[in-house]
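See below for the structure under consideration.
The values are calculated or read from the model by the stated rules, or taken from the named source; none is laboratory data. From a predicted model like this one, the values you see are computed outputs, not experimental measurements. FYI the Cβ positions are ideal-geometry reconstructions off the backbone, even for glycines, and counts take in every protein chain you see. For the accessible areas, the whole protein counts, side chains as well, though only heavy atoms, and no ligand, DNA or RNA atoms are used. Shrake-Rupley method; radii C 1.70, N 1.55, O 1.52, S 1.80 Å.
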Amino acid sequence: MKPIIDGLTLDDGLADERFLSRLGDQVLRRRKSMGLTRRALSELCGISTRFIAHLEYGEANISILRLRRIADALNTSVCELMGEKPKASPRADLAAHPGAIADLFRHANADDQQMVIDLLLRSTRRRSSRAA
């Protein structure tokens with residue numbers, strides 16, 4: 001167990017078990033939704049039926065390359081099987097909320113505001129010189 005903050009600990013083994021269990025559930029659900037047996041999936045991806053069973057029960061720690069082969073056989077992505085959504089970049093959030101940029105600028109200190117102004121001026125000059 002690793003200490004986190006003020007004596008709190010995180011049992012990495014338990015977190016790993018949960019992750020592998022969720023991954024196994026995703027593989028199982030996807031396989032069944034496609035009407036595939038373990039044997040059929042095994043033939044499609046070249047991984048033994050025994051390993052696939054262990055994976056579906058959350059008992060197998062799989063390499064990323066094997067996981068990719070299973071994902072391909074199930075017509076899905078590794079991210080989808082892992083049940084994790086890609087994290088949005090802060091830029092995506094700012095693009096979705098144009099007023100957020102103005103708010104950031106308004107709350108920045110004078111030095112940061114000047115740096116932004118200089119950057120925008122340089123960018124505008126570069127675009128102007130390219131267009132000419």
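Overview of results
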| quantity | calculated |
| --- | --- |
| Filtered residues of segment 60-79 (kept if in contact with a Gly (Cβ under 8 Å, 6 or more places away or on another chain) and either closer than 11 Å to G24 by Cβ or among the aromatic types (F, W, Y) (or both)) | A60 |
| From the options D118, D93, D103, D111, residue that is part of a helix (DSSP H, G or I), acidic (D, E), more than 26 Å from the chain's Cα centre (by Cα) and at pLDDT below 85 | D103 |
| Restricting segment 13-45 to residues that are of a type in the set (D, E) and more than 12 Å from E56 (Cβ to Cβ), the residue that is modelled with the highest pLDDT | E43 |
| Restricting segment 53-75 to residues that are in a helix (DSSP H, G or I) and without any contact (Cβ under 8 Å) to a residue 12 or more places away in the chain, the residue that is least open to solvent (accessible area, probe 1.4 Å) | A71 |
